Ligand SMILES: CC(C)(COP(=O)(O)OP(=O)(O)OC[C@H]1O[C@@H](n2cnc3c(N)ncnc32)[C@H](O)[C@@H]1OP(=O)(O)O)[C@@H](O)C(=O)NCCC(=O)NCCS
């Protein structure tokens, strides 16, 4: 696998990218997650903790998208959403009120590509892997309430995490105007905004209808 870690020109993935939804319970002892590596960057510690908790079964309730290369089944990245929002923030009186109110909405818990896939684009030559991961997260939200417009979705992002902020901005997330009251940047995506068109189907296979949270069919393939 080419080391893309220090080059500016992105590396193009050879195979199509597919999205496999998993409940928290299905992530326990998941071999693909055991191989997952995210060691550099501002959020590495948090990502590692989330993955460790998913593997041990101790994670909070969340829906996870495993983003894989179709032909090899290799795990390229993960995205996870807490559909019920963030109970910890909701119940902490020290948090700013706007954030506690926002915290009832679906919360993007993590997007992370495996570090071996840093600076990669899909085989369409332009969609960044990070963009595909966030798209997968939003598809999970969409499928948690089929046929309904997307609700408000939010995330907390470290101020120094430019790569993550770039990905969220692409999907019309913007910093809340009271974001500075929070330790991390509060990114919000307004309710009712449709998702932008999916990448070329040869490059990205969106989440299939009916395969959102808790709806995984028995024997569904891991790609
Ligand atoms: C957030 C994330 C998913 C975004 O993925 P991505 O857009 O595919 O970007 P990557 O991190 O793989 O690659 C970024 C690098 O590509 C290069 N690059 C080249 N062209 C680029 C472009 N048009 N846009 C962005 N980066 C570009 C840059 O050199 C950049 O390196 P830098 O961070 O040193 O500036 C990814 O950065 C990640 O997984 N980070 C670790 C976990 C994390 O922080 N998650 C978010 C919080 S949970």
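The values are calculated or read from the model by the stated rules, or taken from the named source; none is laboratory data. Just so it is clear, the model here is predicted, and its values are computed rather than measured. Reconstructed Cβ throughout: ideal geometry from the backbone, glycine too, with neighbour counts over all protein chains shown.
Table for the structure above
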quantity	calculated
Answer residue from region 86-99, given it is part of a helix (DSSP H, G or I) and touching a residue at least 40 places away in the same chain (Cβ under 8 Å) and is nearest to residue 141 (Cα to Cα) among those	99
Restricting region 200-219 to residues that are at pLDDT 95 or above and under 15 Å from residue 68 (Cα atoms), the residue that is surrounded by the most Cβ atoms within 10 Å (Cβ to Cβ)	204
Pairs, first farther than 17 Å from residue 114 by Cα in region 48-68, second part of a helix (DSSP H, G or I), C-beta under 6 Å, six or more apart	59/24; 59/53; 61/24; 62/24; 63/140
Selection from region 12-44 of residues that are in contact with a strand residue (DSSP E or B) (Cβ under 8 Å, 6 or more places away or on another chain) and surrounded by fewer than 17 Cβ atoms within 10 Å (Cβ to Cβ)	12, 14, 23, 35
Pair list, Cβ < 7 Å and 6+ apart or interchain, from region 107-130 residues that are at positive phi to residues that are within 8 Å of the ligand (Cβ to nearest atom) and at pLDDT 95 or above	119/10
Single match in 96, 106, 146 (criterion: more than 14 Å from the ligand (Cβ to nearest atom) and under 28 Å from residue 35 (Cβ atoms))	106
Identity of the residue in region 152-181, surrounded by 18 or more Cβ atoms within 10 Å (Cβ to Cβ) and assigned to a loop (DSSP other than H, G, I, E, B), that ends up farthest from the ligand (Cβ to nearest atom)	176
The one condition in (1) more than 20 Å from residue 145 (Cβ to Cβ); (2) in contact with a helix residue (DSSP H, G or I) (Cβ under 6 Å, 6 or more places away or on another chain) that residue 68 fails to fulfil	(2)
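Here is a yes/no grid of residues against (1) surrounded by fewer than 16 Cβ atoms within 10 Å (Cβ to Cβ); (2) in a helix (DSSP H, G or I):
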position: 46; (1), (2): yes, yes
position: 49; (1), (2): yes, yes
position: 53; (1), (2): no, yes
position: 61; (1), (2): yes, no
position: 68; (1), (2): no, no
position: 101; (1), (2): yes, yes
position: 116; (1), (2): no, yes
